[in-house]
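First the structure, in the form of structure tokens, and then the observations on it.
The values are calculated or read from the model by the stated rules, or taken from the named source; none is laboratory data. Only a predicted model underlies this, so the values are computations on that prediction, with no experimental measurement involved. Neighbour counts are summed over all protein chains in view; Cβ atoms, including those assigned to glycine, are modelled from backbone coordinates with ideal geometry. Ligands, DNA and RNA are stripped out before the accessible areas are found, and what is left, the full protein with its side chains, is counted by its heavy atoms. Shrake-Rupley method; radii C 1.70, N 1.55, O 1.52, S 1.80 Å.
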Amino acid sequence: MASIKDVAAEAGVSVATVSRVLNDHPSVSTDARTRVLAAVKTLGYRPNAVARSLRTDQTRTLGLVISDVMNPYFTELARSVEEEARALGYSVIIGNADERPDLQDHHVRTLLDRRIDGLLVSPTDGGSPGMLDAARAGTPMVFVDRWIPGLDVPVVRADGRAAIRDLVAHLHGLGHRRLAIIAGPAATTTGSERVEAFREAMAEYGLPLPDAYIGQGDFQAESGRRATERFLALSEPPEVVFAADNLMALGALDAIRARGMRVPEDIALAAFDDIPWFVHTDPPITAIAQPTGELGRAAVRALVDRIEGRPPQTVTLPARLVVRASCGEVTATERSNP
């Protein structure tokens with residue numbers, strides 16, 4: 001493997017000149033820069049990233065702490081983050097918090113110990129100690145999808161309120177009146193925001209939302225299953241179950257099928273966080289889609305702006321309702337006889 005001395009010898013310059021070219025120092029002549037870059041290409045030289053980080057105090061590395069790597073939404077988010085970071089010359093180290101504040105803090109500490117240049121986080125709660133310490137210490141940071149109110153940290157997220165209202169209007173138009181929701185954790189902004197938006201939309205259409213029709217979930221499939229079992233055990237069960245994320249929707253579907261019930265003939269099902277396999281269920285699931293790829297890319301750009309001294313932007317993108325067939329939009333007969 002070629003060394004920096006080999007590059008200097010090939011280009012006919014000093015090692016110091018090669019170093020200045022590689023660090024884009026302005027005090028190098030055009031001729032010397034051209035010869036050094038040609039030698040780098042000829043020899044296939046790759047600078048030592050660790051050594052360079054010690055000189056520049058930058059590692060060109062970002063940390064990403066996501067709430068749950070098993071959630072297809074966060075998997076897609078992580079992929080878009082990695083792609084955008086790579087395009088901007090950064091690498092990404094990912095930590096999976098598994099919806100646990102203690103794991104979130106573990107990953108934050110570990111990433112900071114590795115001298116990352118900045119941190120992207122989808123917080124698991126309203127502010128774990130390590131997360132709050134990192135933010136208050138001035139660590140370059142951007143919240144993505146979820147955020148912690150009161151912290152001066154840019155946020156890149158989707159606004160689902162209009163889409164939830166569209167969903168309630170859609171269900172009302174189909175004749176549904178008894179609507180239940182499986183809410184996410186109240187300690188997360190997305191958990192509290194989605195149930196609040198659902199409650200507001202229900203009130204707008206004059207629909208009651210009794211406490212029995214609000215199930216408390218944790219963005220995991222098992223909590224969706226348990227909440228749906230409680231709904232189905234009621235003397236007057238809901239006509240629709242709206243799960244506030246895709247994994248809880250999967251749990252709800254399991255509970256419905258375990259009772260030998262059919263969607264949508266016996267009960268309708270809708271979800272927040274559309275994912276590709278929703279089109280392959282029978283019936284395909286009506287869902288609210290977030291612009292996940294755009295969120296990931298925008299979050300990286302905001303963080304790189306902050307790292308490189310430019311003012312970062314808080315970004316809010318709209319979610320949208322994707323109508324399929326799980327709420328009675330298409331009857332079973334029509335599905336089998338297109």
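Annotations
- Failed criterion for Ser122 (all others in (1) closer than 27 Å to Val323 by Cα; (2) at pLDDT 95 or above hold): (1)
- In the range 310-326 there is at least one residue that is open to solvent by 50 Å² or more (accessible area, probe 1.4 Å), more than 30 Å from Ile267 (Cα to Cα) and free of Cβ contacts under 8 Å to residues at least 60 places away in the same chain.
- Tally of residues being of a type outside the set (Gly, Ala, Ser) and not in a loop (DSSP other than H, G, I, E, B) across the range 122-159: 13
- Given (1) in contact with a helix residue (DSSP H, G or I) (Cβ under 9 Å, 6 or more places away or on another chain); (2) within 27 Å of Ile66 (Cα to Cα); (3) not in a loop (DSSP other than H, G, I, E, B), index of the condition Phe219 fails: (3)
- Neighbours by Cβ (under 9 Å, 6+ apart or cross-chain): first from the range 1-21, under 8 Å from Val36 (Cα atoms); second at pLDDT below 85 and open to solvent by 70 Å² or more (accessible area, probe 1.4 Å): Val18/Lys5
- Residue match in the range 199-209 (condition: over 22 Å from Ala163 (Cβ atoms), of a type in the set (A, V, I, L, M, F, W, C) and open to solvent by 10 Å² or more (accessible area, probe 1.4 Å)): no
- Test for Pro154: is it in contact with a strand residue (DSSP E or B) (Cβ under 6 Å, 6 or more places away or on another chain), closer than 30 Å to Ala302 by Cβ and either open to solvent by less than 60 Å² (accessible area, probe 1.4 Å) or among the acidic types (Asp, Glu) (or both): yes
- Filter result for Arg297 (outside any loop (DSSP other than H, G, I, E, B), in contact (Cβ under 8 Å) with a residue 12 or more places away in the chain and either open to solvent by 30 Å² or more (accessible area, probe 1.4 Å) or on the phi > 0 side of the Ramachandran plot (or both)): yes
- Some residue of the range 243-258 being in contact with a Leu (Cβ under 9 Å, 6 or more places away or on another chain), open to solvent by 20 Å² or more (accessible area, probe 1.4 Å) and either not in a loop (DSSP other than H, G, I, E, B) or not acidic (Asp, Glu) (or both): no
- Residues in the range 102-136 that are among the small types (Gly, Ala, Ser) and either in contact with a helix residue (DSSP H, G or I) (Cβ under 9 Å, 6 or more places away or on another chain) or open to solvent by less than 10 Å² (accessible area, probe 1.4 Å) (or both): Gly118, Ser122, Gly126, Gly127, Ser128, Gly130, Ala134.
- Among residues of the range 3-24, those that are open to solvent by 30 Å² or more (accessible area, probe 1.4 Å) and in a helix (DSSP H, G or I), counted: 10
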